[in-house]
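The values are calculated or read from the model by the stated rules, or taken from the named source; none is laboratory data. Here the structure is a predicted model, which means the values were calculated and not measured. All Cβ positions, glycine included, derive from the backbone under ideal geometry; neighbour counts span all protein chains shown.
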Amino acid sequence: MSANIFFERKGPFLLNEIFNNIQFKKKIKIFDIKPLEDAKNIDLTFLESVDYIDFAKSTKAFYCITTNKLKSYLQKNCEPIIVENVLFELCKVTKKFYPSADIDSPDSSLKSPKKSSYSKVKFGNNVLVGKNCKIGNSTSIGSNSIIEHDVLIGDNCVIGSQAVIRNSLIGNNVVIQDGCKIGLKGFGFIPLKGKNLRFPHIGKVILKDNVEIGANCTIDRGSINDTVIGENTFLDNQVHIAHNVKIGSNCMIAGQVGFAGSSIIGDSVSIGGQAGVSGHLKIGSNVKIGGGSGVVKDIKDGTVVMGYPAVPLKDFIRNSKK
């Protein structure tokens, strides 16, 4: 996860300022909130599932928000901060460091692009660009599209009409077709009585070189991590990718496929139309998922699956004959 250039970070804060109801012996300053694999000794991190115990064993963080059941997975130099609900506490901490990341307010810096600043970029009518954007040579952007502040777009890209791009880093030779919404806040909140607590999303979207995004796709930025799409992966129209999803290289994803948050997809994966992938799953490389399937479990490399719930193709064919 690279440096956060899209949201203003507050702090640093003392641990006693972050957790008012917990007494800490030392006056420790915390500079940021980061996932286990990216956190340094000046950062606070979190462990809320056994799915991430491998990262817990190697994290460089000195303090981790977790539960009594999970604290044993942390290495000795990482002190657990025991809470009842990790995500609830994480939400509050993230909002303290990044108070403007829980709602996507309109970008007040948007202006018509100056030709002197983007002499080698082609713009359609009514395009708006925010401050500190960088757009590469020979890139074209269609009419009525919005590129918000600090977005980076590489060379030879094609951005269609009526696209909205924020909180994103886009490589070279990327095609984004009409109507796409990329880098918006994902669907994350803590249910409370009377008023839900919105979870700030401080990650970004990374589209690597030679990616193609079909019309009317939505790609949410990461919550704490980033959402990443690997080189030469192509998405058909109306695909939804939720926060923190990571898709490998050379994947082919047909129309109306949906990915729930934090799933990891390997390389050279093919997914048929209207399939759904549940959250926090690991899909191996060279996997094929049939159209309309519902994936609710991890899938090993080279497997072909079909059905709801998705099962190996041979099992699906055998069961359909009964």
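Here are the numbers for the structure shown:
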item	result
Checking LYS76 against (1) part of a loop (DSSP other than H, G, I, E, B); (2) out of contact with any strand residue (DSSP E or B) (no Cβ under 9 Å at 6 or more places or on another chain); (3) under 27 Å from GLY279 (Cβ atoms), the condition it does not meet	(3)
Verdict on PHE13 being farther than 18 Å from GLY203 by Cα and touching a residue at least 60 places away in the same chain (Cβ under 8 Å)	yes
Among (1) surrounded by fewer than 17 Cβ atoms within 10 Å (Cβ to Cβ); (2) part of a loop (DSSP other than H, G, I, E, B) - the single one HIS149 does not satisfy	(1)
Per-region count, the range 191-225, residues assigned to a strand (DSSP E or B) and acidic (Asp, Glu)	2
Some residue of the range 16-31 being in contact (Cβ under 8 Å) with a residue 60 or more places away in the chain and surrounded by 14 or more Cβ atoms within 10 Å (Cβ to Cβ)	yes
Subset of the range 270-281 (residues that are surrounded by 15 or more Cβ atoms within 10 Å (Cβ to Cβ) and under 20 Å from the mean Cα position of the chain (by Cα))	ILE271, ALA275, GLY276, VAL277, SER278, LEU281
The range 243-255: number of residues that are hydrophobic (A, V, I, L, M, F, W, C), surrounded by fewer than 23 Cβ atoms within 10 Å (Cβ to Cβ) and not in a strand (DSSP E or B)	1
Given (1) without any contact (Cβ under 8 Å) to a residue 12 or more places away in the chain; (2) part of a helix (DSSP H, G or I), number of the condition SER117 does not satisfy	(2)
In the range 256-292, the residues that are of a type in the set (S, T, N, Q) and either in a strand (DSSP E or B) or touching a helix residue (DSSP H, G or I) at 6+ places or on another chain (Cβ under 9 Å) (or both)	SER262, SER270
Which numbered condition SER143 fails, given (1) touching a strand residue (DSSP E or B) at 6+ places or on another chain (Cβ under 8 Å); (2) of a type in the set (Gly, Ala, Ser); (3) part of a loop (DSSP other than H, G, I, E, B)	(1)
Scan of the range 287-322 for residues that are surrounded by 15 or more Cβ atoms within 10 Å (Cβ to Cβ) and at positive phi, ordered by number	GLY292, GLY307
Unmet requirement for GLY183, which otherwise passes all of (1) in contact (Cβ under 8 Å) with a residue 24 or more places away in the chain; (2) at negative phi; (3) touching a Lys or Arg at 6+ places or on another chain (Cβ under 7 Å)	(2)
Residues within the range 1-11 that are modelled with pLDDT of 80 or more and either surrounded by 14 or more Cβ atoms within 10 Å (Cβ to Cβ) or of a type in the set (Asp, Glu) (or both), tallied	5
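Yes/no per residue for (1) assigned by TED's automatic domain parsing to the domain that holds VAL296; (2) surrounded by fewer than 24 Cβ atoms within 10 Å (Cβ to Cβ); (3) under 25 Å from PHE6 (Cα atoms):
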{"site": "ILE213", "(1), (2), (3)": "yes, no, yes"}
{"site": "THR227", "(1), (2), (3)": "yes, no, yes"}
{"site": "GLY258", "(1), (2), (3)": "yes, yes, no"}
{"site": "ILE264", "(1), (2), (3)": "yes, yes, yes"}
